[in-house]
Number of protein chains: 2
Amino acid sequence: MTTEEKILVAAREEFQQAGFGGARMQKIADRAGINKASLHYYYRNKEKLFQQVLQKDILRLMIPVSMVLRDPSLSLEQRIRTFVKTTTQLFMDQPNLLLFIMQELNRAPERLLNLVRDILKEHGLNDDESRTFRGQLEEGVKNGTLKPVDPEQYIASVLGMCMFPYAARSLVMELLEKDKEAYQNFLEQRQEELITLCRRMIFRSDEPED
Amino acid sequence: MTTEEKILVAAREEFQQAGFGGARMQKIADRAGINKASLHYYYRNKEKLFQQVLQKDILRLMIPVSMVLRDPSLSLEQRIRTFVKTTTQLFMDQPNLLLFIMQELNRAPERLLNLVRDILKEHGLNDDESRTFRGQLEEGVKNGTLKPVDPEQYIASVLGMCMFPYAARSLVMELLEKDKEAYQNFLEQRQEELITLCRRMIFRSDEPED
DNA sequence: GTGCAGGGTAACCAAATAGTCAAACCGAAA
DNA sequence: TTTCGGTTTGACTATTTGGTTACCCTGCAC
């Protein structure tokens, strides 16, 4: 691993854990096993380093998510399955990713939101709106295949069900009275159950149709 | 409003917005309209002030939530309605409360978790497990009133559906391509839809039974 | 060997920031 | 009016921290 990469990894850990304001350049240097001056050699300053880290992380989250929401090749059934699988895999791998982005997106410098918009435009572009998640839901409701539902409310619900237990790990852990290990277990079993629950909210039968 | 209260309000704003590390005592003093030295007169140091704020906020979140989860007087139907209503109201009122707590709980000093546990024990105590959310779900599944579901997975889902759109406001806003005003509208309409969606996941019919 | 360029470092600097303190202020009791 | 407690403040200090600079090291072309 190059020094440049080591810095990014170390910086991500530190920023995710402490936030921008709480992160210390010295600690990042220590984690990366280099001198603090080298940080400034590779990344001019804290702000620039932070931008690099955050941008990479936003890509890591938003690309797969927005892809699944808009991929025109997926049926509604497949899209739900894929969405659950994709998010589960992502957050199992990067436990702090989501909360980190939520935090920093909340501090919402307009600059960040523009970055997100560009990403979504580039990677999520799909001129056939009827083949998006939203479009498929709308159509299904209209022709009666699906139970009546506001597509966007449903999408927000699926997002919440898939993401919240990862972002609010400690909170949910306490409310469910689980320890770390039990909660990990809980998350692993969740994937299957999620698909069932997501289906029940809109499909008229519990059984898959494709 | 006493100086002490003014400080707490100002501190909450600053801490919620900037996190512990990014918060500045000077800014808190400015917001409260007092001298920085007065901060230290009322709250010995930054850490102590932070604890006060965080503890108050944790109470504000956890008490109503854990109450609804365990209140033995509620039927399952009522509990769902009450849960949706309670959380919606809370987060409409305190838009940054949830994310703030998620952040700080994630940094999870064991001390904080102990505080939470004490709160839950005190306020959520209920020796009739069968009259809790979990107990009612378990029973409903067992006797076939409800569709088969893992009670805890379901509770986590309801939590996510109710809370995520508030905690991840900017993220969901972007994914749904809504501006601030449209999103506010979206959240207001959400309450009704949430109840329907939560019901569908477990009830065999769309119509309420009580 | 010499010179050189890119990577790395210790020592240093200036600004920011948490925290301190002695003096001033102020309303109420005597 | 005077005194006295709690409150408020401007000025100060000590420390932390982001960022700079001059120097060193190492591999390599000549």
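The values are calculated or read from the model by the stated rules, or taken from the named source; none is laboratory data. Please read these numbers as outputs of a predicted model, since none were measured by experiment. Note: ideal-geometry Cβ built from the backbone for every residue, glycine included; neighbour counts use all protein chains shown.
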* Structure fact -> For B:N45, the lone unmet condition from (1) more than 16 Å from DNA strand C (Cβ to nearest atom); (2) surrounded by fewer than 17 Cβ atoms within 10 Å (Cβ to Cβ) is (1)
* To do: Could you figure out which of (1) surrounded by fewer than 15 Cβ atoms within 10 Å (Cβ to Cβ); (2) over 23 Å from the mean Cα position of the chain (by Cα) isn't true of A:K56?
  => (2)
* Asked: Can you find even one residue in region A:63-81 that is more than 23 Å from the chain's Cα centre (by Cα) and over 19 Å from A:L112 (Cα atoms)?
  -> no
* Asked: Taking helices (runs of 4 or more DSSP H) that do not extend beyond region B:21-92, which have at least 2 residues that are within 16 Å of DNA strand D (Cβ to nearest atom), among the aliphatic types (A, V, I, L, M) and more than 13 Å from chain A (Cβ to nearest Cβ)?
  -> B:25-32, B:36-42
* Kindly indicate whether any position in region B:27-41 is within 11 Å of DNA strand C (Cβ to nearest atom) and touching a residue at least 40 places away in the same chain (Cβ under 8 Å). => no
* Quick check, is A:Y154 surrounded by fewer than 23 Cβ atoms within 10 Å (Cβ to Cβ), facing chain B (nearest Cβ under 8 Å), within 30 Å of B:R60 (Cα to Cα) and aromatic (F, W, Y)? -> yes
* Among all residue pairs at least 6 apart or on different chains, which show Cβ distances below 6 Å where the first residue, located in region A:100-115, is within 7 Å of another protein chain (Cβ to nearest Cβ) and the second is at pLDDT 85 or above and not in a helix (DSSP H, G or I)? -> A:M102/B:A168
* Got a sec? Which of A:L175, A:L159, A:L146, A:L194 is surrounded by 19 or more Cβ atoms within 10 Å (Cβ to Cβ), modelled with pLDDT under 95 and in the same structural domain as A:L61 (by TED's automatic domain parsing)? -> A:L175
* Just checking, how many residues over region B:161-210 are hydrophobic (A, V, I, L, M, F, W, C), within 17 Å of the chain's Cα centre (by Cα) and more than 21 Å from A:L194 (Cα to Cα)? -> 1
